[in-house]
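Presented below is the structure to which this report refers.
The values are calculated or read from the model by the stated rules, or taken from the named source; none is laboratory data. Because the structure is a prediction, the values reported are computed rather than measured. A quick note on method: Cβ atoms are made from the backbone with ideal geometry, for glycine too, and the neighbour counts reach across all protein chains shown.
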Amino acid sequence: MLARLRARAAAGAGVILITHDLALGLGAADRVAVIHAGQIVETAPAAGWRPRHPYAAALMAAMPALAPDLGALRPVAGRMPVPGDAGLPACRFAPRCPRAGAVCVTTRPALRALAPGAMVACHDPEAGR
Ligand code: SF4
């Protein structure tokens, strides 16, 4: 399937690959967009990408194919929010985020540029190690 998608892309077609397999997406795409609870929280070029949004960082830490060793694997804490829940904080990742502060509950973080071609929706993004 990936070979067919690459052939289409090489022929000039725009291709969007939606997957839960971050390693697959990084290996197949020019750009990555991480979605949490229906919102894009980070988008960047796939080559050399290092996550800045805490959810993206947690996803990467939970992927066996991306971990330096199995002992480094960490599950993403907490549970996904329930769609339509009126009690969600402004940042939907706040109940699961180790970097959450008061502003994360009251003010929705907008996507903003943090590096060339990279945008993150977070009040306190990671450094993108
Ligand atoms: S906006 Fe706040 S709660 Fe949301 S990911 Fe960033 S630091 Fe965490």
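I need the full set of residues from region 17-61 which are within 16 Å of the ligand (Cβ to nearest atom), over 11 Å from the mean Cα position of the chain (by Cα) and at negative phi, in order please. Correct list: Ala61 only. Within region 88-106, the presence of a residue that is within 15 Å of the ligand (Cβ to nearest atom), under 16 Å from the mean Cα position of the chain (by Cα) and more than 20 Å from Ala37 (Cα to Cα) is excluded.
Please go through region 119-129 and pick out each residue that is at pLDDT 95 or above and either over 14 Å from the mean Cα position of the chain (by Cα) or of a type in the set (Gly, Ala, Ser) (or both). Within region 119-129, Ala121, His123, Asp124 qualify. Going by the conditions given, is Gly84 free of Cβ contacts under 8 Å to residues at least 12 places away in the same chain, at positive phi and out of contact with any Ser or Thr (no Cβ under 9 Å at 6 or more places or on another chain)? Here the answer is yes, as Gly84 does meet what is asked. For region 83-129, the set of residues classified as closer than 13 Å to His53 by Cβ and in a strand (DSSP E or B) consists of Arg112, Leu114, Ala115, Ala118, Met119, Val120, listed by residue number. If you take the residues of region 69-96 that are touching a Lys or Arg at 6+ places or on another chain (Cβ under 9 Å) and small (Gly, Ala, Ser), which of them is modelled with the highest pLDDT? Per the criteria, the residue is Ala90.
For Leu66, the criteria (1) surrounded by 17 or more Cβ atoms within 10 Å (Cβ to Cβ); (2) modelled with pLDDT under 90 hold in every case but one, which is (1). In region 107-122, which residues are within 9 Å of the ligand (Cβ to nearest atom) and buried (at least 18 other Cβ atoms within 10 Å of the Cβ)? Within region 107-122, Pro109, Val120, Ala121, Cys122 meet the criteria.
Can you tell me which residue within region 62-82, out of those that are assigned to a helix (DSSP H, G or I) and either of a type in the set (A, V, I, L, M, F, W, C) or under 21 Å from Val32 (Cβ atoms) (or both), is farthest from the ligand (Cβ to nearest atom)?
First, pick out the residues of region 62-82 that are assigned to a helix (DSSP H, G or I): 70-72.
From the residues that got through so far, the ones that are either of a type in the set (A, V, I, L, M, F, W, C) or under 21 Å from Val32 (Cβ atoms) (or both) too are 70, 72.
On the way: Leu70: 26, Ala72: 21 Å.
Among those that are assigned to a helix (DSSP H, G or I) and either of a type in the set (A, V, I, L, M, F, W, C) or under 21 Å from Val32 (Cβ atoms) (or both), it is Leu70.
For region 117-125, state whether one or more residues are among the acidic types (Asp, Glu) and touching a Gly at 6+ places or on another chain (Cβ under 7 Å). Spell out the reasoning first.
Step one: filter region 117-125 for residues among the acidic types (Asp, Glu), giving 124.
Narrowing further to those that are touching a Gly at 6+ places or on another chain (Cβ under 7 Å): 124.
Within region 117-125, one or more residues are among the acidic types (Asp, Glu) and touching a Gly at 6+ places or on another chain (Cβ under 7 Å).
If you go through region 19-46 and keep only what is part of a strand (DSSP E or B) and either more than 16 Å from Pro125 (Cβ to Cβ) or touching a residue at least 12 places away in the same chain (Cβ under 8 Å) (or both), you end up with Arg31, Val32, Val34, Ile35, His36, Gln39, Ile40, Val41, Glu42, Thr43, Ala44, Pro45. In region 101-129, the residues that are without any contact (Cβ under 8 Å) to a residue 60 or more places away in the chain reach residues that are within 11 Å of the ligand (Cβ to nearest atom) and assigned to a helix (DSSP H, G or I) with C-beta atoms within less than 6 angstrom, at least six apart or across chains, in these pairs: Cys104/Ala94; Val105/Ala94; His123/Val103; His123/Cys104.
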